[in-house]
1. Which FRET efficiency, nearest 0.05, do Tyr18 and Tyr150 yield, Cβ-Cβ r, R0 30 Å?
2. Between helix 23-35 and the chain, what is the angle of the helix's C-alpha long axis to the longest principal axis, kept within 0 to 90° and rounded to the nearest 10?
3. Dipole size in debye (nearest 20) for the chain around its Cα centre, Lys and Arg Cβ +1, Asp and Glu Cβ -1?
4. Cα axis of helix 43-68 to longest principal axis of the chain: angle in degrees, 0 to 90, nearest 10?
5. Can you count the Lys pairs in the chain whose Cα atoms are under 25 Å apart, with each pair 8 or more apart or on different chains?
6. What do you get for the angle between helix 77-87 and the principal long axis of the chain? Use alpha-carbon atoms, 0 to 90 degrees, nearest ten.
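Here, each number is a calculation from the coordinates, and none is a lab measurement. Worth saying up front: this structure is predicted, and the values here are computed from it rather than measured. Positions of Cβ are backbone-derived with ideal geometry, glycine not excepted, and every protein chain shown enters the neighbour counts.
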Amino acid sequence: MKLNLIERIIGSGIFTGYIPFASGTFGSLAAIIIYLIPGFENPTIMLIAISFFLVLGAQIGSKFEKIYGKDPKECTIDEFVGTWISLLFLPKNAIYIAGAFLIWRFFDIIKPFPANVIEKIKGGWGIMLDDVVAGFYSFIVIQIIIYFIY
């Protein structure tokens, strides 16, 4: 099985998955750069992007897994989806974005239940859905923090 160029670009999060160290962190940073594009923060646009890349990422992720092994570091499209979930409805403010990024990376790394169970699902859905759960956890935490600050 081979990946074509488009699948490699998307699945590796614009090639961040091929960075030899901290590929998930670099994938998350690339997702933030896309988030900073004017207008991308619109919840409708973000929800469409999250949904589209969740489904596409599951399909491409299955191919990555067959080539590179279980939940490979080369596949970072899941980082994009998780990062964007954590940024949903967030004011476009550097402090909030940095906070969401740090909280997101924390949850993505520690994988609290049920992310740790979902991660064991074979194929692309396992790759994607644990990051969706971690993204929702970070979304909830950052929204609670903002609520109590203002």
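1. Details: r = 40 Å, r/R0 = 1.35.
The computed FRET efficiency comes out at 0.15.
2. Its long axis makes an angle of about 50 degrees.
3. On the way: 11 positive and 11 negative charges, 49 e Å.
Computed about the Cα centre, the dipole is about 240 debye.
4. Tilt relative to the chain: about 30 degrees.
5. Lysine pairs, 8 or more places apart or on different chains, close enough: 21.
6. The helix 77-87 is inclined about 10 degrees to the chain.
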